[in-house]
Amino acid sequence: MFSKVLVLALAGSAAAFAPSPAFRASTALNVDPNPKPMTDEQALEMGWSMGGQAHTKDPAPKVDEDPRKTIPQGESFEEYMKNRQAMGQ
């Protein structure tokens, strides 16, 4: 009885170290994680500009009725450098 259990245990442990089969069916979806918008509506929804470019940190100023969509005029690089020097950085 003990020898049968021992043989089964050895066979089971040997199967754990067997190489995996060469072909495995993939369950991953082939979806682009960064899709490009197809229409202007999709571009706005995805946060892209109308030219198909992602928004940059230097957007053009825009005034909208909804204050959440208003983009104020940012300071120029020269103004930024002057302010930075004035702060002592």
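The values are calculated or read from the model by the stated rules, or taken from the named source; none is laboratory data. Keep in mind the model is a prediction, meaning the values are calculated, not measured. Because the Cβ atoms are built from the backbone with ideal geometry, glycine has one as well, and the counts that use them run over all protein chains shown. Ligands, DNA and RNA are stripped out before the accessible areas are found, and what is left, the full protein with its side chains, is counted by its heavy atoms. Shrake-Rupley method; radii C 1.70, N 1.55, O 1.52, S 1.80 Å.
Remarks
- Screening ALA22, ALA28, ALA11, ALA60 for residues that are at pLDDT below 70 and exposed (fewer than 10 other Cβ atoms within 10 Å of the Cβ) leaves exactly one candidate, ALA28.
- Neighbours by Cβ (under 6 Å, 6+ apart or cross-chain): first from segment 71-89, farther than 21 Å from PRO61 by Cα; second open to solvent by 100 Å² or more (accessible area, probe 1.4 Å) and assigned to a loop (DSSP other than H, G, I, E, B): none
- Tallying residues that are modelled with pLDDT of 75 or more, open to solvent by 80 Å² or more (accessible area, probe 1.4 Å), part of a loop (DSSP other than H, G, I, E, B) and not aliphatic (A, V, I, L, M) within segment 31-48 yields 1.
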